[in-house]
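A.B. asks: A single structure is presented below for examination.
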Amino acid sequence: TRRIRIGDLRAAKDRGEKWAMLTSYDQYTAGLFDAAGIPVLLVGDSAANNVFGHDSTLPITVDELLPIVRAVVRSTRHALVVGDLPFGSYEEGPTQAIRTAVRFMKETGCHAVKLEGGVRVAEQIAAIVRAGVPVMGHIGFTPQREHQLGGYKVQGRGDQADEVLADARAVAEAGAFSVVLEMVPGEVAQRVTKELAIPTIGIGAGVGADAQVLVWQDLAGLRGGAAPRFVKRYADLAGELTTAVRAFAAEVRDGAFPGPEHTF
Ligand code: KIV
Ligand code: NA
């Protein structure tokens, strides 16, 4: 079967079919998720936290993220691959935003880009779309603005719901093909999803969105420590890997590995 296109996602919304998006930052997960039928893979700037060991997404650069996007694109056959524009790579205005988006498309072969913000980046979204590059929006809590927003907080509670709606409308009117809703009340996500013709992708936004996204290490239990409330762990990879490497080390210590079957 062929590569997923943005029109397929719109058609899924029209049919009322929900779908799952995952992050990926390497060839093995990209290949596995692609083969498992995940239609959209996001090479998030969350690689800052999940690959490079930073404690926020702010430090990752375009030059660091591009080779990772390239690896994910090369390792997929069906999934639509979205490259996430890092903090600092589009804020200056439409010209900078187009330049960065074009680098992602030319240097990685990805199929779309994502950037954070609503009303305040509508010009950038429109400019990138005019350049021929599909854009995924991202509103609600936007991690690149962590310090402006005063930490990881639900956005759009009470009176602030109208701001989330205004951002959603701005992103859609600017021509985005979909929009991530991060940490907004379920009711607000449902209103946005009903109002917009483009698919909404929730993370901490309840069951009302058209699609859901999680960071793969979170859903697979690879990351240690406390996870946000919106994460569900479907596996314990941290436990599995720890057991495996302990067994390897123990067998090396007592001479059980390598055996004759591993020896030339
Ligand atoms: O970078 C990322 O992982 C994201 C998703 C959580 C939407 O932006
Ligand atoms: Na991101």
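Derivation of every value follows stated rules applied to the coordinates shown; laboratory data play no part. Owing to the predicted nature of the structure, the values given are computational and were not obtained by experimental measurement. Please note: Cβ atoms are built from the backbone with ideal geometry, for glycine as well, and neighbour counts cover all protein chains shown.
A.B. asks: What does the extension gain come out to for E17 and R120, with contour length at 0.36 nm per residue minus their alpha carbon separation? Present the calculation step by step, with values, prior to reporting the outcome.
C.D. replies: Numbers: separation 103, 0.36 × 103 = 37.08 nm, distance 3.08 nm.
That pair, E17 and R120, stretches by 34.0 nm at full extension.
A.B. asks: Here's another thing I want to ask about it. Decide, for the chain, between rounded, prolate and oblate: order the square roots of the alpha carbon gyration tensor eigenvalues as a ≥ b ≥ c, take rounded if a/c falls under 1.5, and otherwise choose prolate if a/b is larger than b/c, else oblate. Intermediate results must be reported in sequence, preceding the final value.
C.D. replies: On the way: a/c = 1.86, a/b = 1.65, b/c = 1.13.
Here the chain falls in the prolate category.
A.B. asks: May I ask you to compute the full-extension gain from R229 to E64, defined as 0.36 nm times their residue separation minus their alpha-carbon distance, rounded to one decimal in nm?
C.D. replies: Numbers: separation 165, 0.36 × 165 = 59.40 nm, distance 2.93 nm.
Contour length minus Cα-Cα distance gives 56.5 nm.
A.B. asks: From largest to smallest, what semi-axes in whole angstrom does the stretch 171-222 give when each is the square root of 5 times an eigenvalue of its alpha carbon gyration tensor?
C.D. replies: Numbers: eigenvalues 92, 33, 11 Å².
Equivalent-ellipsoid dimensions as semi-axes: 21, 13, 8 Å.
A.B. asks: Related question: Count neighbours as other Cβ atoms within 10 Å of each site's Cβ, and list the trypsin sites (Lys or Arg not before Pro) in the stretch 140-212 that are DSSP loop with at most 14 such neighbours.
C.D. replies: On the way: sites: R145, K153, R157, R169, R191, K194; in loops: K153, R157.
Here the trypsin sites (Lys or Arg not before Pro) that fit, given the DSSP loop and packing criteria, are K153, R157.
A.B. asks: Treating each Cα of the stretch 187-264 as an identical point scatterer and ignoring solvent, apply the Debye formula and state log10 I(q)/I(0) at q = 0.11, 0.18, 0.22, 0.23 Å⁻¹.
C.D. replies: Those come out to -0.51, -0.81, -0.95, -0.98, one per q.
A.B. asks: Would you mind putting 48-61, 197-210 in packing order, based on average other-beta-carbon counts within 10 Å, highest first?
C.D. replies: On the way: 48-61: 16.4, 197-210: 21.9.
Going by the mean number of other Cβ atoms within 10 Å, highest first, we get 197-210, 48-61.
A.B. asks: For the chain, what does -39500 (n - 2.57) per DSSP helix run (n ≥ 4), summed and divided by total residues, give at 222 nm, in deg cm²/dmol to the nearest 500? Present the calculation step by step, with values, prior to reporting the outcome.
C.D. replies: Working: 11 runs with 109 residues, N = 264.
It comes out at -12000 deg cm²/dmol, rounded to the nearest 500.
A.B. asks: By per-residue mean of other Cβ atoms within 10 Å, what is the highest-first order of 92-105, 126-139?
C.D. replies: Working: 92-105: 18.4, 126-139: 22.1.
Result, highest mean first: 126-139, 92-105.
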